[in-house]
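This report concerns only the one structure given below.
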Amino acid sequence: MGETTTYRTAQYLTFRLDKELFGVDIAKVREVLEFSTVTKVPRTPAFMRGVINLRGNVVPVVDMRLKMGLPCTERTVDTCVIITEVVVDQDAVIVGALVDSVQEVLELDGGSVVPPPHIGTRIDTSVIYGMGKRDDQFVMILDIDRVFPSGELKEVIAAA
C-alpha cells in the first residue's frame, strides 16, 4: 500500500498547545525559559512574537499556537519558550518556540511511534514526524526542521 517508516527510540520534550500534547526530539532542544518580555519587531509575520536577548544573542521567538493554526498564546504562569536548534540550509539556527506549558521528557520506543494520519487533524501533518502514545493520550511528535521552512525562517531571522 505505502512506504513503511522505521522509527527510532528517542527522548522527546513534551509540551502543550491548547489541549493537544506535542513533542520535539530532545536533541533539538537547548533549554527551556520562562516567558518574559519579548521585543516586537515591525513588519514580521504574525506568528513571530518578537525577539529575546539570550546571553547577548538575539533569538527570534515564534508563537507555536499561531504556527499550528491555533489562536494566539495567552501568557500564563506556565507559558514557556523552548530554545531549539533548527537546520536552515545546512546551518544550525537558534529559535525560541513559545508554548502553553512544558510537560516532561518522555522516552518512546521506536515501535510505539506510528505515522501521522492524513485526515482528521487541525494542523498540517507534513510537520509531524510521528504519533506516539503516552498512557491514554497521543503525542504529536514534530519535525521541528519542517515546522520552520527555510525561506520563512530566513525572513524571520533577517527581521530579527
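Averaging sequence separations of C-alpha pairs under 8 Å and six or more residues apart, then dividing by the length of segment 10-159, give the relative contact order as a whole percent.
On the way: 304 pairs, mean separation 41.9, N = 150.
Reported as a whole number, the value is 28 percent.
Using a 7 Å offset from the Cα along the Cα-to-Cβ direction at both D109 and D135, what is the distance between the two label points in nm, to one decimal?
Each label point is offset 7 Å from its Cα along the Cβ direction, giving 2.0 nm.
What is the fewest-to-most order of M140, M64 by other Cβ atoms lying within 10 Å of their Cβ? Can you show the working numbers first?
Working: M140 22, M64 25.
Lowest to highest Cβ neighbour count: M140, M64.
With each run of n ≥ 4 DSSP H residues scored as -39500 (n - 2.57), what mean residue ellipticity at 222 nm is computed for the chain after dividing by its residue count and rounding to the nearest 500 deg cm²/dmol? Walk me through the numbers before you get to the answer.
Details: 3 runs with 18 residues, N = 160.
Dividing the helical sum by the residues of the chain leaves -2500 deg cm²/dmol.
Quick one: 3J(HN,Hα) in Hz for segment 21-29, Karplus 6.51/-1.76/1.60 with θ = phi - 60°, rounded, Gly and Pro as x.
Computed from phi, the couplings for segment 21-29 are 9, 10, x, 9, 3, 4, 5, 8, 9 Hz.
At a Förster distance of 22 Å, what's the computed FRET efficiency of S126 paired with V87, Cβ-Cβ distance as r, to 0.05? Working shown, then result.
Numbers: r = 16 Å, r/R0 = 0.74.
Efficiency for this residue pair is about 0.85.
Exposed loop GluC sites (Glu not before Pro) only (DSSP loop, at most 15 other Cβ atoms within 10 Å): please give the longest stretch of the chain free of them, not including the sites. All intermediate terms of the calculation are to be shown ahead of the outcome.
Numbers: sites that count: E3, E74.
Between exposed loop sites, the widest span is 75-160.
Between S101 and residues 5 or more places away or on another chain, which pairs have amide H atoms under 5 Å apart, with H built 1.01 Å from N, and which residues are they?
Answer set, sorted by chain and number: R16, C80.
By how many degrees, between 0 and 90 and to the nearest 10, does the Cα long axis of helix 150-159 differ from the longest principal axis of the chain?
20 degrees
Most exposed first by the Cβ proxy, i.e. fewest other Cβ within 10 Å, how do Y7, Y129, Y12 rank?
Y7, Y129, Y12
With a point put 7 Å past each Cα toward its Cβ, work out how far A27 is from C72 in nm, to one decimal.
3.7 nm
Enumerate by residue number the trypsin sites (Lys or Arg not before Pro) in segment 1-87 meeting two conditions: DSSP loop (anything except H, G, I, E, B), and at most 15 other Cβ atoms within 10 Å of the site's Cβ. Walk me through the numbers on the way to the answer.
Values: sites: R8, R16, K19, K28, R30, K40, R43, R49, R55, R65, K67, R75; in loops: R8, K19, K40, R43, R55, R75.
Answer by residue number: R8, K19, K40, R43, R55, R75.
All of the numbers you see were taken from the coordinates with simple rules; none came from a lab. Nothing here was measured: the structure is a model prediction, and the numbers come from that model. Positions of Cβ are backbone-derived with ideal geometry, glycine not excepted, and every protein chain shown enters the neighbour counts.
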